[in-house]
Amino acid sequence: MTPPVGVTLPVDGHPIRTDRLLLRPLTAADAEDVYAYQSLPEAVRFLPWPLRNREESREHTLKRAGFTRLVADKDAIILAAELVGPKDEPGPVIGDMSIFLRSTANAQVAVGWVVHPSRQGRGYATEAARAVLDFAFTEVGAHRVYAEVDPLNTASVALCQRLGMRLEGILVENELSKGEWSDLAIYAVLDREWLAGR
């Protein structure tokens with residue numbers, strides 16, 4: 001398969017079905033499910049988010065629900081990861097996936113994720129992230145997709161490795177996060193590598 005050449009815009013977020021999940025644009029109706037993990041210290045420890053109370057989380061969800069289309073650099077699409085029941089009945093939102101258009105000219109896309117701690121360790125993040133990378137490469141037309149993670153976030157580091165992303169470098173004490181200096185690891189994969197591994 002020949003890798004796509006260049007970003008094709010605009011790109012709209014749309015539902016993506018995986019074996020156990022429905023990835024779909026985040027909506028205001030997801031606020032309570034999102035609060036369930038945004039209010040947990042272990043869920044936001046490595047995210048650039050503070051702990052939020054219910055109202056703060058609702059406002060944040062409403063803001064992120066507006067990120068549904070990629071038109072220009074810095075645009076984003078936020079997809080809720082909804083657990084689907086055995087008869088395809090909708091279930092709770094157990095996390096979300098972020099897709100950021102970083103550079104149209106250089107076909108660069110960044111991705112991020114969060115999964116409710118009670119749902120971790122079951123492969124949901126891997127399942128969702130694979131679908132998101134597929135979307136980034138085949139529908140957005142990314143040349144390179146990368147994730148920025150704290151090296152202490154062993155779950156995200158392992159996820160990047162399972163996805164076939166290479167460690168490109170570590171920025172030492174790159175940012176002051178929640179009162180502590182944090183390192184930043186950059187993992188990435190190119191379109192030809194991703195498509196060859198599909």
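The values are calculated or read from the model by the stated rules, or taken from the named source; none is laboratory data. Computed from a predicted model, the values in this text were never measured in an experiment. Here the Cβ is made from the backbone with ideal geometry for all residues, glycine too, and neighbour counts use every protein chain on show.
Computed values, structure above
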item	result
Qualifying position, being over 28 Å from His143 (Cα atoms), within 18 Å of the chain's Cα centre (by Cα) and polar (S, T, N, Q), among Thr61, Thr68, Thr18	Thr61
Residue in the range 118-132 that is more than 23 Å from Arg17 (Cα to Cα) and either in a strand (DSSP E or B) or of a type in the set (Val, Ile, Thr) (or both) present	no
Qualifying residue in the range 44-62 (condition: part of a loop (DSSP other than H, G, I, E, B) and either of a type in the set (S, T, N, Q) or at pLDDT 95 or above (or both))	yes
Search result, residues across the range 151-198 that are out of contact with any Phe, Trp or Tyr (no Cβ under 6 Å at 6 or more places or on another chain), polar (S, T, N, Q) and not in a helix (DSSP H, G or I)	Asn174, Ser177, Ser182
Condition met for Ser156 (polar (S, T, N, Q) and either over 16 Å from the mean Cα position of the chain (by Cα) or closer than 20 Å to Ile16 by Cβ (or both))	no
For Gly91: the one exception among (1) free of Cβ contacts under 8 Å to residues at least 60 places away in the same chain; (2) surrounded by fewer than 22 Cβ atoms within 10 Å (Cβ to Cβ); (3) not in a strand (DSSP E or B)	(3)
Residue that is nearest to Glu180 (Cα to Cα) [pool: residues in the range 35-67 that are crowded, with 18+ Cβ neighbours inside 10 Å and polar (S, T, N, Q)]	Gln38
Per-region count, the range 152-195, residues among the β-branched types (Val, Ile, Thr) and surrounded by 14 or more Cβ atoms within 10 Å (Cβ to Cβ)	3
Total residues in the range 103-127, condition within 18 Å of Ala76 (Cα to Cα) and either of a type in the set (S, T, N, Q) or in contact with a Phe, Trp or Tyr (Cβ under 7 Å, 6 or more places away or on another chain) (or both)	7
Filter pass, Val114 being farther than 17 Å from Ala155 by Cα and of a type in the set (A, V, I, L, M)	no
Selection from the range 161-198 of residues that are closer than 16 Å to His143 by Cβ, modelled with pLDDT of 95 or more and among the small types (Gly, Ala, Ser)	Gly164, Ala188
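Yes/no matrix, rows are residues, columns are (1) of a type in the set (D, E, K, R); (2) at pLDDT below 95; (3) surrounded by fewer than 17 Cβ atoms within 10 Å (Cβ to Cβ):
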position: His14; (1), (2), (3): no, no, yes
position: Asp19; (1), (2), (3): yes, no, yes
position: Leu22; (1), (2), (3): no, no, no
position: Asp33; (1), (2), (3): yes, no, no
